[in-house]
Amino acid sequence: MSETRKALQDVADLLREAGWDRPGAREAKNGGSASPDLIRHVLKIHFAEIEEARASQYAPELRRFILDAAPEVTVSQEREDPEAQDAGGALAVILGSSAVVALARGIKAWLELRTRSSVVFKARGKELVINNLTCHQAADLAEKIAGLLGVTPSAKG
């Protein structure tokens, strides 16, 4: 199987896991629209200003913290360099609008372990760079991520 075909299959699998194949996950026919909870957003997370080996260590740690706080999201570890031999130092997160606050809680919990970190969030062609974010500065992280995704954060997340 070619690398391109494998990559497309991986994306299809992630979308299926995230519920895109369920009824109502896309806009309904005849002008209806899907529930905001069924609309999925993709958020990429990278670690800035650290070596690849450290990023490959941080990624699975952060993944566990995110899934503990927001088990309804899909998080996969990715390689930034396809030629690299490590597991990858980036994360792809697929989430619904209501999970933004829970996602931010997971990131905040991870920041309590890694007290200072530089993290890059990417979504919808935009980028949010947080340099040396401490857990104390993470209070408005949900609003920043929601703004990047173009959604309103829900307090129930």
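The values are calculated or read from the model by the stated rules, or taken from the named source; none is laboratory data. Since the model is a prediction, treat every value here as computed from it, not as a measurement. Positions of Cβ are generated from backbone atoms using ideal geometry, with glycine treated the same way; all protein chains shown enter the neighbour counts. Surface areas here come from the heavy atoms of the whole protein model, side chains and all, with no ligands, DNA or RNA. Shrake-Rupley method; radii C 1.70, N 1.55, O 1.52, S 1.80 Å.
Brief remarks follow.
- Counting the residues of the range 57-82 that are in contact with a strand residue (DSSP E or B) (Cβ under 8 Å, 6 or more places away or on another chain) and open to solvent by less than 70 Å² (accessible area, probe 1.4 Å) gives 13.
So that you can scan it fast, the table gives a plain yes or no per residue for (1) under 14 Å from the mean Cα position of the chain (by Cα); (2) outside any helix (DSSP H, G or I); (3) closer than 20 Å to Leu128 by Cβ:
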site: Val42; (1), (2), (3): yes, yes, yes
site: Ala53; (1), (2), (3): no, no, no
site: Gln57; (1), (2), (3): no, no, no
site: Ile66; (1), (2), (3): yes, no, yes
site: Pro71; (1), (2), (3): yes, yes, no
site: Ala92; (1), (2), (3): yes, yes, yes
site: Leu95; (1), (2), (3): yes, yes, yes
site: Ile107; (1), (2), (3): yes, no, yes
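- Only residues that are outside any helix (DSSP H, G or I), open to solvent by less than 30 Å² (accessible area, probe 1.4 Å), farther than 20 Å from Glu52 by Cα and at pLDDT 70 or above were counted across the range 118-150, and they come to 1.
- Every residue from the range 83-131 that is over 20 Å from Thr152 (Cβ atoms) and among the polar types (S, T, N, Q): Gln85, Thr115, Ser117, Ser118, Asn131
- Residue, surrounded by the most Cβ atoms within 10 Å (Cβ to Cβ), within the range 83-117, restricted to residues that are within 21 Å of Glu49 (Cα to Cα) and among the hydroxyl-bearing types (Ser, Thr, Tyr): Ser117
- Pair list, Cβ < 6 Å and 6+ apart or interchain, from the range 56-75 residues that are touching a residue at least 12 places away in the same chain (Cβ under 8 Å) and of a type in the set (Phe, Trp, Tyr) to residues that are crowded, with 18+ Cβ neighbours inside 10 Å and not in a helix (DSSP H, G or I): Tyr58/Phe47
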